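The values are calculated or read from the model by the stated rules, or taken from the named source; none is laboratory data. What you see is a predicted model, and the numbers here were worked out from it, not measured in a lab. As a convention, Cβ positions derive from the backbone with ideal geometry for all residues, glycine included, and neighbour counts pool all protein chains shown. Accessible surface is based on the protein model in full, side chains and every heavy atom, while ligands, DNA and RNA are left aside. Shrake-Rupley method; radii C 1.70, N 1.55, O 1.52, S 1.80 Å.
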Amino acid sequence: PMVDAFTARRARVREVVEEAGFRPPGPSGMSERLDHVLLHRVWGPLVFFAVVILVFESIFTWAVPLMDGVDLVVGASGGWLASTLPDTWFRSLLVDGVWAGVGSVVIFLPQILILFFFLGVLEDSGYMARAAVIADRMMYRVGLQGRAFLPLLSGYACAVPAILAARTVEDERDRLATIFVTPFMTCSARLPVYALLIAAFIPAEPFFGPLGKRAAALLGLYGLGIVAAIGTAFLLKRTILKAEPTAFLMELPPYRLPSLRSLGLRLVDRSGIFLKRVGKVIFTVSIVLWTLTQFPRTELGPPLVEDSALASMGHIIEPVIAPLGFDWRIGVG
């Protein structure tokens, strides 16, 4: 009924406008020909998944050499500072606290830039609106809009830029639901942790054909994240974020070639927002952790992590996590 009312209202508006003698320009022939393919029931989803795979793969593969380079620069500069400054608490604060905190933020910047580069290309070219229309057919079943698909996909690289990308979801309840379920996606920062725990607890034995138990466990963790995200979105949209279903309406803009200047300004703006918002949190936590590892200090020698305030906090919670086979170090982490 809501769609019928909207259609009737739009028809009346068109009738009034035509009576006034105004004729809106129709879509170009190139846009129509592209839409015949990109919005086709068969070819449209195939092109959409190809674009998704390209974005997904680029965030992982293209960013790795850049992230390694940033890590190398941060490590080399930290080593230079450590060799230049005298061995005092100030050097430890600067190298282990400040510099390590800055490096832990900057190392994710290549992923941020690549992600928002693709988002900018898709938005400026006009394809993002078409992708949202195609994805809406699938996302509607769990209560999300089509615009939520790319932020969820971006969560496999890093949840922070993925949550920033949720700005494209206009409805506030849908945007909140997208933000709430995005952290369930298995981001790249979890892979080293997963690999370490799987290698420690899962035997290297065959599971099914060429698939081993360790690989199956990793795939299972990815699948579990997807199931958790879908289930949580389904639950949220039927409880605290419940709302009357609305028709998914989107104007399809004409296709355009993205401007390099526009993309460059967008990358500078988004990277600045990331460094300011996330950098404050990670930088502060790094300083706090360094402080907790340095005190209480004694005159007998350099402080030991095992005797620090951070270790004392870890020992307090150790009985709770001991049944899992974890010690206080993992508890602190």
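Here Ala216, Ala204, Ala229 are screened, and the one residue that is within 19 Å of Gln145 (Cβ to Cβ) and small (Gly, Ala, Ser) is Ala229. Selection of region 157-184 for residues being more than 21 Å from Ser104 (Cα to Cα), free of Cβ contacts under 8 Å to residues at least 40 places away in the same chain and surrounded by fewer than 18 Cβ atoms within 10 Å (Cβ to Cβ) yields Arg167, Glu170, Glu172. Given the criteria among the aromatic types (Phe, Trp, Tyr), within 30 Å of Gly279 (Cα to Cα), at pLDDT 80 or above and under 35 Å from the mean Cα position of the chain (by Cα), does Phe60 qualify? For Phe60, the condition - among the aromatic types (Phe, Trp, Tyr), within 30 Å of Gly279 (Cα to Cα), at pLDDT 80 or above and under 35 Å from the mean Cα position of the chain (by Cα) - is not met.
In region 285-315, the residue that is modelled with the lowest pLDDT out of those that are in a helix (DSSP H, G or I) and open to solvent by 80 Å² or more (accessible area, probe 1.4 Å) is Glu306.
Just checking, how many residues over region 150-170 are modelled with pLDDT under 80 and more than 12 Å from the chain's Cα centre (by Cα)? Residues in region 150-170 being modelled with pLDDT under 80 and more than 12 Å from the chain's Cα centre (by Cα): 3 in total.
Is one or more of the residues making up region 238-258 assigned to a helix (DSSP H, G or I) and either open to solvent by 50 Å² or more (accessible area, probe 1.4 Å) or not small (Gly, Ala, Ser) (or both)? Looking for residues that are assigned to a helix (DSSP H, G or I) and either open to solvent by 50 Å² or more (accessible area, probe 1.4 Å) or not small (Gly, Ala, Ser) (or both), one finds none in region 238-258, hence no. In region 130-153 there is no residue matching the filter, namely being more than 20 Å from Val227 (Cβ to Cβ), in contact with a Gly (Cβ under 9 Å, 6 or more places away or on another chain), of a type in the set (Val, Ile, Thr) and without any contact (Cβ under 8 Å) to a residue 60 or more places away in the chain.
Elements of the type helices (runs of 4 or more DSSP H) sitting completely within region 38-150 and holding at least 2 residues that are within 30 Å of Leu265 (Cα to Cα) and of a type outside the set (Lys, Arg): these cover 43-61, 63-84, 100-106, 109-125, 127-139.
Residue by residue through region 185-208, note down the ones that are among the aromatic types (Phe, Trp, Tyr) and open to solvent by 80 Å² or more (accessible area, probe 1.4 Å).
Once the filter is applied, which keeps residues that are among the aromatic types (Phe, Trp, Tyr) and open to solvent by 80 Å² or more (accessible area, probe 1.4 Å), region 185-208 yields Phe201, Phe207, Phe208.
If you check Arg91, Arg147 for being modelled with pLDDT of 80 or more, of a type in the set (Lys, Arg) and in contact with a helix residue (DSSP H, G or I) (Cβ under 7 Å, 6 or more places away or on another chain), only one passes: Arg91.
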